[in-house]
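Enquirer: This is the structure I want to talk about, given as structure tokens.
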Amino acid sequence: MQAHDPGARAAAPGAHPSLQPMQMDVVSVQSQVVYGQVGNTIAVPTFQSLGLRVAAVPTVVLSNTPHHPSIHGGPVPTGWFQGYLDDLVARDAVRELRAVVVGYLGGPEQAGVLARWIEARLRERPGLSVFIDPVIGDEDVGIYVDPRMIDAHCGQLVGLADGLVPNGFELGVLTGMPVADTADVVHAARSLLVGRTRWVVVTSAAPAAWGDGGMKVLVVQRDAECVIRHRRLDATPKGTGDLFSATLAAHLLRGAPVEDAARLACDRVLAVLDASQAAGSAEMLVFPEPG
């Protein structure tokens, strides 16, 4: 396959001279599945339902999530991944880009490619927002990615983020600090608030302090913190974190303060889970965002 200059601006053959390239509001860099509602499969309709133009860049393409008896697919080859990103520039589609949203990555090589691409976009658009969910693992299963991704996130991506959306387990792994209670979580999150990083939203925070039927999301900024308590469902399908992150990012782009955006994201996840549970669905059911 022929490589192209990512800086090229030539019109496609046969293109009408008065037609302009479609501009993206969001570039969403995440996993993609054929069956299920995780990564970009849930993030794209979420962004679109809130009126945002989104380019979905897959990091892995899988038949389904790994908890099923069979799975096919794997990480996108590094050259393809680089090309997906570069061709957005070559198509002149990112002149009005407002945010890059990052979720599950297929390996540390992708992290390096993505970090360099984001750095180039930030030089062109200093006001660009970067929101990163540093997907590493979870409390119940531990680390489920290539362990080298920890260093890749810490060394290459975390410092580029305006905001981070780790779960409580991932916060502990990233910082190497205790995250047992609310005070611990706030202290660990604040250690990441350096450079351009202005806030950390921690999902599934401090589970030992939840109490019956509840969960906590912590919103931590340099000079403020907020605890959002919400109810806990016994069974939740895969992808709730991806739905939360996309909804959070979308509301931030619509002008909501981070605390309000986090509350709206919690409400959205619970509404989708309630609707999915009522329908007896093993996967989340996407429906339009009200309002």
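The values are calculated or read from the model by the stated rules, or taken from the named source; none is laboratory data. Nothing here was measured: the structure is a model prediction, and the numbers come from that model. Glycine gets a Cβ as well: all are built from the backbone with ideal geometry, and neighbour counts include every protein chain shown. Heavy atoms of the whole protein, side chains included, go into the accessibility calculation; ligands, DNA and RNA do not. Shrake-Rupley method; radii C 1.70, N 1.55, O 1.52, S 1.80 Å.
Enquirer: What is the P(r) of the chain, as percent of Cα-Cα pairs per 5 Å bin from 0?
Expert: 1, 5, 12, 16, 19, 17, 14, 8, 4, 2, 1, 0, 0
Enquirer: Also, quick follow-up: May I ask you to give the solvent-accessible area per residue for the chain, in square angstrom, as obtained with a 1.4 angstrom probe? Working shown, then result.
Expert: Working: 13410 Å² over 291 residues.
Per residue, the chain has 46 Å² of solvent-accessible surface.
Enquirer: Run the numbers for residue 191 and residue 234: contour at 0.36 nm per residue of separation, minus the present Cα-Cα distance, in nm.
Expert: Details: separation 43, 0.36 × 43 = 15.48 nm, distance 3.23 nm.
Between residue 191 and residue 234, full extension yields 12.3 nm more.
Enquirer: Using only helices, what value at 222 nm comes out for the chain when you add -39,500 (n - 2.57) per DSSP H run of length 4 or more and divide by the total residues, to the nearest 500 deg cm²/dmol? Let's see the in-between values first.
Expert: Values: 8 runs with 97 residues, N = 291.
Using -39500 (n - 2.57) per qualifying helix, the result is -10500 deg cm²/dmol.
Enquirer: Per-residue accessible area for residue 177 at 1.4 Å probe radius, Å² rounded to 10?
Expert: 50
Enquirer: Find the Cα radius of gyration of region 138-269, compare it with 2.2 N^0.38 Å by division, and give the number to two decimals.
Expert: Details: Rg = 14.0 Å, N = 132, 2.2 N^0.38 = 14.1 Å.
For region 138-269, the normalised Cα radius of gyration comes out at 1.00.
Enquirer: On to the next question. Choose one answer from 91, 268, 123: the residue with the largest mean-square fluctuation in a GNM of the chain with alpha-carbon springs under 10 Å.
Expert: Checking each option, the largest mean-square fluctuation is seen for 123.
Enquirer: Separate question: Leaving ligands, DNA and RNA out of it, report the carbon-plus-sulfur percent of the accessible area of the chain at a 1.4 Å probe. Write down the numbers at each step before the final one.
Expert: On the way: 7400 of 13410 Å².
Result for the chain: 55 percent of the exposed heavy-atom area is carbon or sulfur.
Enquirer: While we're on this one: Quick one: check the C-alpha center-to-center distance for region 92-131 versus region 212-281, whole angstrom.
Expert: Going from one Cα centre to the other spans 24 Å.
Enquirer: Tally the DSSP beta bridges in the chain and give the antiparallel ones as a percent, rounded to 5.
Expert: Percent antiparallel among DSSP bridges in the chain is about 45.
Enquirer: How much length would be gained if the chain were fully extended between residue 282 and residue 154, taking 0.36 nm per residue of separation minus their Cα-Cα distance, in nm to one decimal?
Expert: Numbers: separation 128, 0.36 × 128 = 46.08 nm, distance 3.42 nm.
Going from the current span to full extension adds 42.7 nm.
Enquirer: Determine, for each peptide in 185-192, 158-165, the mean count of other beta carbons within 10 angstrom over its residues, then list the peptides with the highest first.
Expert: Working: 185-192: 20.5, 158-165: 22.8.
Going from most to least packed, we get 158-165, 185-192.
Enquirer: Sticking with this structure for a sec: Could you tell me the largest-minus-smallest coordinate of the C-alpha atoms of region 22-158 on each of the three principal axes, in descending order and whole angstroms?
Expert: For region 22-158, the Cα spread along each principal axis is 43, 33, 27 Å.
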